[in-house]
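All remarks here apply to the structure that follows.
The values are calculated or read from the model by the stated rules, or taken from the named source; none is laboratory data. All values reported here derive from a predicted model rather than from experimental measurement. Methodologically, a virtual Cβ is constructed for each residue, glycine included, from the backbone with ideal geometry; neighbour enumeration extends over all protein chains shown.
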Amino acid sequence: MPRFVVVAVLVAALAGVGAASASAASGVVHDRYSVEASGVDTSTCSFPIAVSSSANINDALFFDASGELVRILETVNHVDITYSANGKTLKATGTGGIDIRFLPDGSVSAATFGINLLMTIPRYGAVFLDVGRAEFLFDPHMHLLFHAGPASYDIAAFCAALS
C-alpha cells in the first residue's frame, strides 16, 4: 500500500490523456477534470477491502514538434479515498502532484511533489501519513529512485480497524 496514491494518480493521469488529441501541435494543452475510481484490494489485509476514490485534477499536457505527448504535469487539488470492509469505513484525504515524462526508450518517469496524504483513526491517531517527494521509473516495472519526507503506513492498525 505505501505510495499507493502515486500509482493511483499515475493511472488517473494516463486515463486523462485521451482528452487531448494525439495530433496536437507542439505546445501545451491544459485540462481540468474530476475522476472517480473504485476497486477491491485483496492483498493488504486478510479480507477484501472496497476502495473508492475521487479527485479534482489539473493537467498540463506537453507535446513535441511531431505532436507526440512527452510530458504530463498533473496537480491533484483534492483526493478522497474511502476504504470499506466488514461494515466499517475509513477515509483518507490528500493533495499533491506528479510530473510524468514519456522517455525515448519507452520507459516512463514519474516524480511526485507536494504529496500530503493523511488517514487517522479516532483514539489511535495517524494510520497513513505520506508527505514529501518521490521519483519512480516504470520500465514496465515500478522502481523507486528517490524518496524524501515521511511515509508511514500502519497496515496492522488499518486492517484491525476494518476487521
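Structure notes:
- Residue within region 41-61 that is under 16 Å from residue 159 (Cβ atoms), among the β-branched types (Val, Ile, Thr), assigned to a strand (DSSP E or B) and out of contact with any Pro (no Cβ under 9 Å at 6 or more places or on another chain) present: yes
- Enumeration of residues in region 109-142 that are among the charged types (D, E, K, R) and either part of a loop (DSSP other than H, G, I, E, B) or surrounded by fewer than 16 Cβ atoms within 10 Å (Cβ to Cβ) (or both): 123, 133, 139
- Residue 106 closer than 23 Å to residue 137 by Cα, buried (at least 18 other Cβ atoms within 10 Å of the Cβ) and free of Cβ contacts under 8 Å to residues at least 60 places away in the same chain: no
- Within region 146-163, being touching a residue at least 60 places away in the same chain (Cβ under 8 Å), of a type in the set (Ser, Thr, Tyr) and either under 13 Å from residue 119 (Cβ atoms) or in contact with a Pro (Cβ under 7 Å, 6 or more places away or on another chain) (or both) holds for one residue alone: 153.
- Any hit, region 77-100, residues being assigned to a strand (DSSP E or B), charged (D, E, K, R), more than 23 Å from residue 121 (Cβ to Cβ) and at pLDDT below 95: no
- Selection within region 106-156: residues that are closer than 21 Å to residue 93 by Cβ and among the small types (Gly, Ala, Ser). The member of this set that is modelled with the lowest pLDDT is 151.
- Looking at 38, 54, 43, just one residue is surrounded by 13 or more Cβ atoms within 10 Å (Cβ to Cβ), modelled with pLDDT of 95 or more and either under 30 Å from residue 123 (Cβ atoms) or over 13 Å from the mean Cα position of the chain (by Cα) (or both), and that residue is 54.
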